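This report concerns only the one structure given below.
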Amino acid sequence: MPEADQEAVTTSTTRGRLGRKFKRWLKNYRVKQRRKSAAQKRTTSKKLTYALIFVLLLLFAGFAGAQAYLSPDPAGDELSLDQLSALADEKRIETAEFRDEDNQLVGSFALESIVPIEEPKDKKSDGKDNRDKGKSRNDGGGAEDPDATADDTGATEEDTSTGDEAAAAGGNDDRARDKKKNDKKKVEEEPVEEPSRAPVGAGDYYFNYPSSDAAFSVLSEMMTEAEAKVFVNPQTSKYVVRQVSQYLLPLLILASFFGLLFSAGKGGGSGIGEVLTFGSIGKKRQKRGFATPITFSDVAGADEAVAEMKEVVDYLRDPERYEEIGAVPPKGVLLFGPPGCGKTLIAKAVAGEAGVPFFSVAGAEFVESLVGVGAARVRDLFQRVRAVAPAIVFIDELDAAGRRRGYGGSGGGGSDEREQTLNQLLVEMDGFEVSTGIVVIGATNRPDIIDPALIRPGRFDRHITVEQPDAEGRELILRLHAKGKPIAPSTDWSYLAKRTPGFSGADLANVINEAALLTVRENKPKIETNELEEAIQRVLHGPKRRGVVLSEEERSRAAYHESGHAIVAASVGRSEDVHRVTILARGKGLGLTGVNRDTDALLLTRSQLLGQLVTAMGGVAAEEMVLAEPSTGSEQDLEHATELARDIVGRFGMSPTLGRARLLASDAEQFLGGDSGLAKLSDQTHTAMDAEVARLLESAEQEATRILKTHRKVLDSMATRLNTQETIEGVELDRILKVVAIKPVHMSSIFPSGSTNGRSKTGSTSVTRSRPATRRR
């Protein structure tokens, strides 16, 4: 290659690298600016809230100070109206000051009248007349005194006539009575002086009067007549303060209060804050970490899901690597699986590993009774996430907001609201405005009911199944949850993992916790295997019911029932799965046969399913064969057997009579509003299905009875020992079940030979039910 071409290639390569570096720098600068702007908005909002609180406190303090300033505080004694009037009459009031704003009359009064009091003229003339009348009586120039006349007359008569002394004595008595009456009349006619109501002594006074012109006129006239010094104080400063405190301050307080509610309500909350933020998802959803950081090392038993999620973490940490190659990272990751398998834990681990803003929200938070609120919350959430991207959005229980459209009712009301929310979520994830730098993680237990538009490529383009852990995963989970707890060194984690098939991560965590609680209850220093095994039984079947006391007949029936389960299970090849047989009441049952479930198996054959069906009918078969009648203790066994038989016929198409057909509707259709678990079947097919389920149960019971008749001695021996010991397990149980001959269940024992493939020569499906064999008691 010529040197000029090499230089040109080198120059173009260098320019390309510089261009990519510049693009990275520009992108990082924009991300920093967005985050800085979002942080400034949050800081500004907080500052505004604090400022409004401070202003509100100042306004309250000013209002309280104004009320204290406006309260009147005069000196002296408060007078009543009659006391004030008495002082005015006696002219003892020295000063009187009218205060307009306080509506008070204040001043001082003297000990005695400040001006001489003149007597009325009519009183003076009356006194002079009385004195003149007295003089005339004394001088004899006026009218004759009747008493004097009487005395003079009496004296004359006494000198002239002594014969009339008795008559003169009678006249003197009459005159005495008349004089006494006249004296009494004079006393009654003289006026009695009442005591004055004016206060005694001198001092200051105040009088509260109503705010009216009439009251002011009366009081001013009274003070003028009392010749007091009258003043008027308009109190201009108090007038200004009163106007401000009555009109301006309340308005400012209300404005500050509502401003505080609006500023504080932007972040969600309760009360009016919630009303104001119907369309907001709340800032509290954003997290940058947890109190105890969770990483992938805290997740066990889900290696495949962790490996897939590490790619998302890689993209969030270093998106330039993907851009150089042209790879488009996943926009959405859907985690689905049974409950308790660690979907939320994996999302937390992703947030802890990536070190980016993490938004968590439940799907039910988008659904509201008010139409349009859910869509507004979706817009608000993604608007906030874009401001701080790259970021993670975790939506737990996605099926609440992303349920398939067109189901769940008549198409109005709440379903319309859910559909609007789903449409907005679809647009935000992959619409005209593509969200870059945002990874949406959804978790659900029901992926079959999610709307197909939501799980297409471009939205949730990666689907990760988080299944229940296998034996190795269960062992890792048990060890993980046992960290920091005093576990006995002799604990066999592999054995415990095999004893817990079908347990989720949450179940295993509960096992360790129950074992710790049992250890504390028994005052042991360490958690041993016995506590762990008892914890497994408590999680599976509930705690022991010590208060249930069985009679001898009930103990014998329970012993035969549980022994029948164990022997039938050993006969169909599941002796290794039987690890305990007990007649101690636990949970709802009166006894228990611990048979490990085949949940670790990915595929189950027809023979395995029929073996489970025969094992489920072993208890009722033993009761009916030995004790001649069944009991109510077989309720749970019959429920399990009936469901299993329906699945064999209707779900898996393993019935030779009805052929390879799915007769039961899917769980999704039933969950989305279907009122029946059956597909669209004709009456004849429905009847044939019911008949086939009944025949399966009947044949399974006959097979269990045949097995128990073959091993009747083992059944009696095991029931007797179980009735005495109450529990058989371990080596002793293995020794008993070893003598049971293993004979796997075949189709010939369940389906009679007369129903080969259930079809006639013409190819039509036969729905005729074969007559069961006659049973003998």
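The values are calculated or read from the model by the stated rules, or taken from the named source; none is laboratory data. All values derive from a computational prediction rather than experimental measurement. So basically every Cβ, Gly included, is an ideal-geometry build from the backbone, and we count neighbours across all protein chains shown. We work out accessible area using only protein heavy atoms, side chains counted, and drop any ligands, DNA or RNA first. Shrake-Rupley method; radii C 1.70, N 1.55, O 1.52, S 1.80 Å.
Some values worked out for this structure:
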{"quantity": "FRET efficiency estimate (nearest 0.05) - Cβ-Cβ, residue 647 to residue 743, R0 22 angstrom", "calculated": "0.40"}
{"quantity": "Packing-based ranking, highest mean first, of 50-62, 344-356 given that Cβ atoms within 10 Å are counted", "calculated": "344-356, 50-62"}
{"quantity": "Label zone at residue 606, where the point sits 7 Å out along the Cα-to-Cβ direction: the stretch 643-664 residues whose backbone N lies under 13 Å", "calculated": "648-650, 652-661"}
{"quantity": "Estimated inter-spin distance, residue 253 and residue 660, nm [label 7 Å along Cα→Cβ]", "calculated": "8.4 nm"}
{"quantity": "Packing-based ranking, highest mean first, of 694-702, 638-646 given that Cβ atoms within 10 Å are counted", "calculated": "694-702, 638-646"}
{"quantity": "Pairwise label distance in nanometres, residue 523 with residue 231, each label 7 Å out on the Cα-Cβ vector", "calculated": "9.0 nm"}
{"quantity": "Integer Hz, Karplus 6.51/-1.76/1.60 couplings in order for the stretch 695-712, x for Gly and Pro", "calculated": "5, 4, 5, 5, 5, 5, 5, 5, 5, 5, 5, 4, 5, 5, 5, 5, 10, 5"}
{"quantity": "Residues whose placed amide H lies under 5 Å from that of residue 462, excluding near-sequence neighbours", "calculated": "332, 334"}
{"quantity": "Positive-end extreme of charge dipole, the stretch 476-549 - chosen from 505, 495, 517 (charges on Cβ)", "calculated": "517"}
{"quantity": "Cα→Cβ-extended label distance, 7 Å offset, between residue 78 and residue 324, nm", "calculated": "9.0 nm"}
{"quantity": "Integer Hz, Karplus 6.51/-1.76/1.60 couplings in order for the stretch 529-538, x for Gly and Pro", "calculated": "5, 4, 5, 5, 5, 5, 5, 4, 5, 5"}
{"quantity": "Burial ranking of peptide ranges 242-255, 724-737, 557-570 (average Cβ count within 10 Å, highest at the top)", "calculated": "557-570, 724-737, 242-255"}
{"quantity": "Karplus 3J(HN,Hα) series, Hz, for the stretch 377-389 with 6.51 cos²θ - 1.76 cosθ + 1.60 (x for Gly, Pro)", "calculated": "5, 5, 4, 5, 4, 6, 5, 5, 5, 4, 5, 10, 4"}
{"quantity": "Residues whose placed amide H lies under 5 Å from that of residue 95, excluding near-sequence neighbours", "calculated": "108, 229"}
{"quantity": "Fraction of accessible area attributable to carbon and sulfur, the stretch 295-410 (%, probe 1.4 Å)", "calculated": "49 percent"}
{"quantity": "Net charge over other residues, Cβ less than 12 angstrom from the Cβ of residue 220 (K, R count +1; D, E count -1)", "calculated": "-4"}
{"quantity": "Amide H contacts of residue 359 (H built 1.01 Å from N, under 5 Å, at least 5 apart or other chain)", "calculated": "287, 392, 393, 394"}
{"quantity": "Residues of the stretch 314-352 with amide N under 20 Å of the 7 Å Cα→Cβ point at residue 483", "calculated": "341-352"}
{"quantity": "Length added when fully stretched, residue 46-residue 23, from 0.36 nm per residue minus Cα-Cα", "calculated": "4.8 nm"}
{"quantity": "Residue-span extension gain [residue 63 to residue 713] - 0.36 nm each, minus C-alpha spacing", "calculated": "224.3 nm"}
{"quantity": "Residues residue 635 and residue 731, FRET efficiency given R0 of 35 Å [Cβ-Cβ distance, rounded to 0.05]", "calculated": "0.60"}
{"quantity": "Neighbour net charge for residue 631 - beta-carbon separation under 9 angstrom, K R +1, D E -1", "calculated": "-2"}
